[in-house]
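K.L.:
Once you've had a glance at the structure underneath, I'll fire off some questions.
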Amino acid sequence: MDDERLHETASELRLATFRLARRLRSVRAVDSRNTAMSDAQLAVLAALRAHGRHSLTALADRERVTAPTMSAVVTGLEEQGYVTRIPDDQDRRRVHVEITAAGEKVVTETFERRTRLIMTEITELDLTDDELRVLHEASILMRKLAEL
């Protein structure tokens, strides 16, 4: 692929990803007008749901934020009842964070609402089987790119 084609592809992918992400962020199980659920908080809940209990430091590393920032995010989640802090048995200075049943419910409902939104929009596009296959294959490649 030549540089011009690569630039065009990267630019289109950036724009499409940004627009889709913005639309998906607007859909969540917690009404953001009534609570303080942020995208950062939802990301932490999703990480805890997927990977289990983490220390604050490990969560900060995973989400690529500072430890004080992560502490503030976790405090907000704890106040809403979505996570609990568990002291480390060997080192009392260390704290682990674990998702609660309420936190699991928020993540599950939010992801399901977002999936239904995309399903509805794909249906409205009335894609052919070939287009749907290409979209599926592109989603796999996008996930690889996101996980770098």
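The numbers here are math on the coordinates, done by the rules we state, and not lab data. Keep in mind it's a predicted model, so treat the numbers as computed, not measured. We place every Cβ from the backbone using ideal geometry, glycine too, and count neighbours over all the protein chains shown.
K.L.:
Report the FRET efficiency, 1/(1 + (r/R0)^6), for residue 148 and residue 94, where r is their Cβ-Cβ distance and R0 is 30 Å, rounded to 0.05. Walk me through the intermediate numbers first.
P.N.:
On the way: r = 30 Å, r/R0 = 0.99.
The value I calculate is 0.50.
K.L.:
With contacts defined as alpha carbon pairs under 8 Å and 6 or more residues apart, what's the relative contact order of the chain in percent? Can you show the working numbers first?
P.N.:
On the way: 110 pairs, mean separation 35.1, N = 148.
Computed value for the chain: 24 percent relative contact order.
K.L.:
If you don't mind, there's one more thing I want to ask. Roughly how big is the chain's charge dipole about its Cα centre, with Cβ charges of +1 (Lys, Arg) and -1 (Asp, Glu), in debye to the nearest 20? Don't skip to the end; give the middle numbers.
P.N.:
Numbers: 23 positive and 26 negative charges, 145 e Å.
In debye, rounded to 20, the chain gives about 700.
K.L.:
In a Gaussian network model over the chain where Cα atoms closer than 10 Å are linked, find which of 104, 79, 131 has the largest mean-square fluctuation.
P.N.:
Looking only at 104, 79, 131, the largest GNM fluctuation is found for 131.
K.L.:
Next question. Output wanted: per-residue J couplings in Hz (rounded whole) for the range 61-78, from phi through Karplus 6.51 cos²θ - 1.76 cosθ + 1.60, θ = phi - 60°, x for Gly and Pro.
P.N.:
4, 4, 8, 6, 10, 6, 4, x, 5, 5, 4, 5, 4, 5, 4, x, 5, 5
K.L.:
Further question on the same structure: Mean residue ellipticity at 222 nm from the helices of the chain, using -39,500 (n - 2.57) per DSSP H segment of n ≥ 4 over the full residue count, to the nearest 500 deg cm²/dmol? Please list the in-between numbers first.
P.N.:
Working: 6 runs with 100 residues, N = 148.
Result for the chain, helices only: -22500 deg cm²/dmol.
K.L.:
Here are a few candidate values for Rg and Dmax of the Cα atoms in Å: [x] 19.2, 61; [y] 17.7, 57; [z] 18.5, 58. Which one was actually calculated from the structure I just gave you?
P.N.:
[z]
K.L.:
Once amide H atoms are placed 1.01 Å from N in the peptide plane, what residues at a sequence separation of 5 or more from residue 86, or on another chain, have their amide H within under 5 Å of its amide H?
P.N.:
96, 97, 98
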